[in-house]
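The values are calculated or read from the model by the stated rules, or taken from the named source; none is laboratory data. Computed from a predicted model, the values in this text were never measured in an experiment. FYI the Cβ positions are ideal-geometry reconstructions off the backbone, even for glycines, and counts take in every protein chain you see. Note: accessible area is taken over every heavy atom of the protein model, side chains too, but ligands, DNA and RNA are not part of it. Shrake-Rupley method; radii C 1.70, N 1.55, O 1.52, S 1.80 Å.
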Amino acid sequence: GAGVSQSPSNKVTEKGKDVELRCDPISGHTALYWYRQSLGQGLEFLIYFQGNSAPDKSGLPSDRFSAERTGGSVSTLTIQRTQQEDSAVYLCASSLLSGANVLTFGAGSRLTVL
Amino acid sequence: AQKITQTQPGMFVQEKEAVTLDCTYDTSDPSYGLFWYKQPSSGEMIFLIYQGSYDQQNATEGRYSLNFQKARKSANLVISASQLGDSAMYFCAMRELIKTGANSKLTFGKGITLSVRP
């Protein structure tokens, strides 16, 4: 597609439920990133995928968070047993392997945990 | 240790005037890249400008320029001729190219809110 596509754009869930957030990167972009942005805050790195290499999971805040990337394209971020502090906007970005490797971001998935 | 520092409180500028948004960074990596992104109230992150640590000249992109002072580890964004549409959050970010790789994560600062007054 023309840009990075994320779904759902908004998700309201109850504490303790599992949620899945989806990211469809720009075609041809081999690097994919997940960030989290809490209200009024900066971006917190979660995880990074690069081709067939092992992902950099150093930013995942707990073992309730996991992500996978199938076929080197679409990625799913899963949060198990959601907590209220998980409420945030989850941003996905992708990039080419050239030049400055500028990240192109999606519009984000806003998660609200009640 | 905080790698990207943006400490200015909310900034205000009069339309058509220039404004400088401050960013300092901390790294021991001799090769790194610096980025600025804009986030309007709609939420999308918009790439503005990039500066490589070995670039000889300061980066410019239209009304945006980057005042890169390597010895002081600062990478301030200058917006000339401010427009109402420039009102947004602005984030400075860095990638350490040797430590983490040319395609690795960006580390973001906490951002600065800019409001342009008519």
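Just need the relative contact order of chain A here, percent rounded to a whole number, with Cα pairs under 8 Å and 6+ apart.
Once divided by the residue count of chain A, the mean separation gives 38 percent.
Testing the spin-label approximation: label points 7 Å from Cα along Cα→Cβ at B:S115 and B:A81. State their distance in nm.
Spacing of the two 7 Å Cα→Cβ label points: 2.6 nm.
Report the charge-dipole magnitude of segment A:7-114 in Debye, nearest 20, computed about the Cα centre from +1 at each Lys and Arg Cβ and -1 at each Asp and Glu Cβ.
120
Before anything else, pin down the relative contact order of segment B:21-118: Cα pairs under 8 Å, at least 6 apart, normalised by residue count, whole percent.
Across segment B:21-118, relative contact order equals 31 percent.
Pairs A:K17/B:K3; B:K16/B:K73; A:K17/B:K38; A:K57/B:K73; A:K11/B:K38; A:K15/B:K3: which are spaced more than 26 Å apart, C-alpha to C-alpha?
With Cα atoms farther than 26 Å apart: A:K17/B:K3; B:K16/B:K73; A:K17/B:K38; A:K57/B:K73; A:K15/B:K3.
State, as an integer percentage, the relative contact order of segment A:50-94 based on alpha-carbon contacts under 8 Å between residues 6 or more apart. Numbers along the way, then the final one.
Values: 24 pairs, mean separation 12.2, N = 45.
With pairs under 8 Å counted, the relative contact order is 27 percent.
In whole percent, how big is the carbon plus sulfur part of the accessible area of chain A, probe 1.4 Å, protein atoms only? Spell out each step's value before the answer.
On the way: 2460 of 5400 Å².
The value for chain A is 46 percent carbon and sulfur by accessible area.
Quick one: plug the Kirkwood hydrodynamic radius of chain B (C-alpha pairs) into Stokes-Einstein at 4 °C, 1.567 mPa s, and report D in µm²/s.
For these conditions, the coefficient is 90 µm²/s.
How large is the dipole of the protein assembly as shown about the Cα centre if only Lys and Arg carry +1 and Asp and Glu carry -1, each at its Cβ, rounded to the nearest 20 debye?
Here the protein assembly as shown has a charge dipole of around 160 debye.
Towards the positive end of the charge dipole of chain B, with charges on Cβ (+1 Lys, Arg; -1 Asp, Glu), say which of B:T20, B:T107, B:Y64 has the farthest Cα.
Selected residue: B:T107.
Per the Debye formula with a single identical scatterer at each Cα and no solvent contribution, what log10 I(q)/I(0) holds for segment A:42-109 at q = 0.15, 0.25, 0.29 Å⁻¹?
The computed values of log10 I(q)/I(0) come out as -0.53, -1.42, -1.67.
Using R₀ = 30 Å, calculate the FRET efficiency as 1/(1 + (r/R₀)^6) where r is the Cβ-Cβ separation of B:Q8 and A:K17; round to 0.05.
On the way: r = 39 Å, r/R0 = 1.31.
According to the calculation, E is roughly 0.15.
On a C-alpha basis, how far is the centre of segment B:73-114 from the centre of segment A:24-90 in Å? Whole number, if you could?
20
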